[in-house]
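Worksheet for the structure shown next.
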Amino acid sequence: RLLGIYANDTEDYETAEAAFRDYATYYPVDYLGWFYRATPLMMMGRVEEAITSLKKANEIDRSKVFAPALIARLDLMLGRFDDSAKWIQNVRSMGNQDIANLIEGESNFLQGRYEDANANFNGLKDSNDAMFRSYGYSLSARLLAEQGQYQSALQALEQGIAADLSSGDTASRADKTLDRAYINFKRGRHEACMQDVRLALQ
């Protein structure tokens, strides 16, 4: 397991895949070997095999949300929106509304359903989890910026930066500050852009 994780972290995906393949072979009823193997398979472009490995992990332990959530995302990579929707519903039925809203929002975005995607991302802002609340502001802002609605995107970022400040999440606040810098760059406000870059680095 440690060998595979180290290889994954250093982007040696062939070694990682081999380690987790051995893990799954020696410990076939251990969820982790099958689950961990999916990431190097995905990174090597073997998405179908990654899904097969995740389905095996899910069969072993249906109480964990991680395998269904990753299957839903891999389905999005393959453009299988209907199959992804089934796994998203699986995640939702397990009581993981935040994860379901996040992936459903990604699916709606990829299908060009921007209002629905924004509704999903806005839903995250009401999460009990500070991390998902932070995601909600960032994703909503990025979605608005993709559509050229820069002023609305900036408002979402300001709200998110304030929320991160109150929760003490400096890393997410830095991310949003860089998002704001990029929007200022796109609008030709170069000095404001540089101020935000310096602030994010601080």
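The values are calculated or read from the model by the stated rules, or taken from the named source; none is laboratory data. Quick caveat: nothing in here was measured; it's all calculated off a predicted structure. Cβ sites come from the backbone with ideal geometry, for glycine too, and all protein chains shown count toward neighbours. Heads up: the accessible areas ignore ligands, DNA and RNA and are worked out on the full protein's heavy atoms, side chains in. Shrake-Rupley method; radii C 1.70, N 1.55, O 1.52, S 1.80 Å.
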When you go through Ala117, Ala100, Ala50 one by one, which is the residue that is on the phi < 0 side of the Ramachandran plot and touching an Asp or Glu at 6+ places or on another chain (Cβ under 9 Å)? Ala117
Please find, among Asn101, Asn118, the residue that is surrounded by 17 or more Cβ atoms within 10 Å (Cβ to Cβ) and more than 14 Å from the chain's Cα centre (by Cα). Asn118
Looking at segment 17-49, which of its residues are among the aliphatic types (A, V, I, L, M), farther than 22 Å from Val65 by Cβ and touching a Leu at 6+ places or on another chain (Cβ under 8 Å)? Ala19
Would you mind stating whether Ala153 is in a helix (DSSP H, G or I), touching a helix residue (DSSP H, G or I) at 6+ places or on another chain (Cβ under 8 Å), at pLDDT below 95 and buried (at least 17 other Cβ atoms within 10 Å of the Cβ)? no
Selection count where residues are outside any helix (DSSP H, G or I) and either free of Cβ contacts under 8 Å to residues at least 12 places away in the same chain or surrounded by 15 or more Cβ atoms within 10 Å (Cβ to Cβ) (or both), scope segment 141-150: 2
Among Ser138, Ser84, Ser107, Ser127, the single one that is touching a residue at least 40 places away in the same chain (Cβ under 8 Å) and either surrounded by 15 or more Cβ atoms within 10 Å (Cβ to Cβ) or in contact with a helix residue (DSSP H, G or I) (Cβ under 9 Å, 6 or more places away or on another chain) (or both) is Ser138
Identify, from the list Asn128, Asn120, the residue that is within 18 Å of Asn101 (Cβ to Cβ) and not in a helix (DSSP H, G or I). Asn128
Output the qualifying pairs, or none if there are none: Cβ atoms under 7 angstrom, residues six or more apart or on different chains, first residue in segment 7-26 and over 11 Å from Met44 (Cβ atoms), second residue open to solvent by 70 Å² or more (accessible area, probe 1.4 Å). Ala19/Leu3; Tyr23/Arg1
